1. When you look at Ala260, is it surrounded by fewer than 17 Cβ atoms within 10 Å (Cβ to Cβ) and at pLDDT below 85, yes or no?
2. Considering only residues that are small (Gly, Ala, Ser) and more than 24 Å from Leu257 (Cα to Cα), look in region 122-166 and name the one that is farthest from the chain's Cα centre (by Cα).
3. For region 8-50, how many residues meet the condition of being touching a helix residue (DSSP H, G or I) at 6+ places or on another chain (Cβ under 8 Å) and within 28 Å of Phe341 (Cβ to Cβ)?
4. Looking at (1) assigned to a loop (DSSP other than H, G, I, E, B); (2) loosely packed, with under 15 Cβ neighbours inside 10 Å; (3) at pLDDT below 80, can you tell me which one Pro335 breaks?
5. Collect the residues in region 280-292 that are in contact (Cβ under 8 Å) with a residue 24 or more places away in the chain and part of a helix (DSSP H, G or I), keeping them in residue-number order.
6. Give the residue, chosen from Pro47, Pro41, that is surrounded by 13 or more Cβ atoms within 10 Å (Cβ to Cβ), assigned by TED's automatic domain parsing to the domain that holds Leu171 and either more than 23 Å from Ala128 (Cα to Cα) or not small (Gly, Ala, Ser) (or both).
7. Among the numbered criteria (1) in contact (Cβ under 8 Å) with a residue 60 or more places away in the chain; (2) under 17 Å from the mean Cα position of the chain (by Cα), which one does Lys261 miss?
8. Buried (at least 22 other Cβ atoms within 10 Å of the Cβ) and within 21 Å of Glu413 (Cβ to Cβ) - does that describe any residue in region 374-381?
Amino acid sequence: MRLARMIAERGIFRTFPWAKHTIFNERFYDIHFLYHVLLIPFTVGNPVIGGKIASVLLGALAVGLLARFMSRNGIRYGFFWSLFLLFGSSAFLGRMVMVRPISLSVIFFILALHVLFRGDYRWMALLAYLFVLAYNGFPMLVVIVVTYTVCRLVYDRKLEYRPLLYCLAGLAAGMVLNPYFPNNFRILFVQFVRGPLTRSLLESNLEWLPVSTWSILLGSAGVVIALFAVFYLVLRKKAPCSFNTVYLFVQAVVFLLLYAKYARGIDQFVPFAVLFCAFAVSEIKIRREKLALIVMTAFLIINMGVNLFIAGKVLSGSDRIDNAGSAAWLRDNTPQGSEVFIANYGAFTQLFYYNQNNYYTLGLDPLYMREHDPRLYDLYQDAIWLRRDPYPVIAREFGASWVHVENISRSREFYGYLESSPHLYRRVFQDDFSAIYEVRR
């Protein structure tokens, strides 16, 4: 929301000094630019409330578009499957309600399927172009189109290359005809090429970590059960499935494998798994339809109750840290542009939202700091984990005047170090969530 308001007030900006020691400092690229533009009307008044309204509206639009898409394709029980998309996975539900472009990406996926299933592939170019501007997950569109092309080749013994051609043309246009060209090329290269090769050297970013089987089952049990239960029913039926159903199953499995590799793969797995179930069930002849509807309704209600409870617990847990107080203190009591050494890169989002007066050590992703200066990144890690004396790193290498530390388990030892060194650091602010120290010179 803060970026959306800043775009409205300042226009497009190509430097981002708030993440000082990262590649964004001098070569900024808004990886969700179109999404932030769409949020601008919701920044009027209270941006927090506006962000929640925007998330609800985009989520409702995604669910409504899914229902319309299924209706256009003659799918039965469209209302059930639309609700199941929303409530079948607590992990997916939690991401849908965040002020992030997850719902927008689902909208793009549905539109892409509409284009593919209609066969009017020229629209794929425009869709791909807009996707590049809206969401940095646009390479998933290539995965969708490549999977479709391969499935079409195997199913029909015919190479249908046009969707891939139009998709790549649109993506190329989105990269070049982009307000952040050429910065976007380097950032995306770092994120999707260098990132997977160096993630093991970085501090954990949960979105890019592999997901255990238990975590998949815990966060998406309903969707996984439905996927394999429907697949079993498909195997039992004698008639062959339509191409669309076969493709959706293959695509769901591809994204399930991606989900096991990266946590954010859930954004693609759940929609395609639900769509496969919807298309497949529509093709199965159900003898006792009333009983089937009772079972499906009971399954949905159970999933709704369980996943709403889990998502609520997770979201309330993630909100325990509120850096509004420490951000306000920094804004009101420190010089413009003075640097804050943050012991947890995850604190950046809240600090930046509430306070643009200061610059911060890093933000968004530790990958961007390591790409900017690997030596400095290693020094940062050694300092926060007390593998070396932090003071020379904080005061000299980074030149920070302030240190921000959160009241979380991973920062307890660092907090203890700050408290035990009053000759080096003076505590100037503390609340239940975080503390700020002035670096003595």
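The values are calculated or read from the model by the stated rules, or taken from the named source; none is laboratory data. In this text the structure is predicted, and so the values were computed from the model without any measurement. Virtual Cβ from ideal backbone geometry, glycine too; neighbours counted across all protein chains shown.
1. Working: surrounded by fewer than 17 Cβ atoms within 10 Å (Cβ to Cβ): yes; at pLDDT below 85: yes.
Criteria met by Ala260.
2. Taking region 122-166 first, the residues small (Gly, Ala, Ser) are 125, 128, 134, 137.
From what's left, more than 24 Å from Leu257 (Cα to Cα): 125, 134.
Working: Ala125: 24, Ala134: 12 Å.
If we take residues in region 122-166 being small (Gly, Ala, Ser) and more than 24 Å from Leu257 (Cα to Cα), then Ala125 is farthest from the chain's Cα centre (by Cα).
3. Of the residues in that region, 17 qualify.
4. Just one mismatch for Pro335, condition (3).
5. Those that are in contact (Cβ under 8 Å) with a residue 24 or more places away in the chain and part of a helix (DSSP H, G or I): Ala280, Val281, Ser282, Glu283.
6. Working: Pro41 fails: surrounded by 13 or more Cβ atoms within 10 Å (Cβ to Cβ).
Every option except Pro47 fails the conditions.
7. Here Lys261 meets the rest and fails (1).
8. yes
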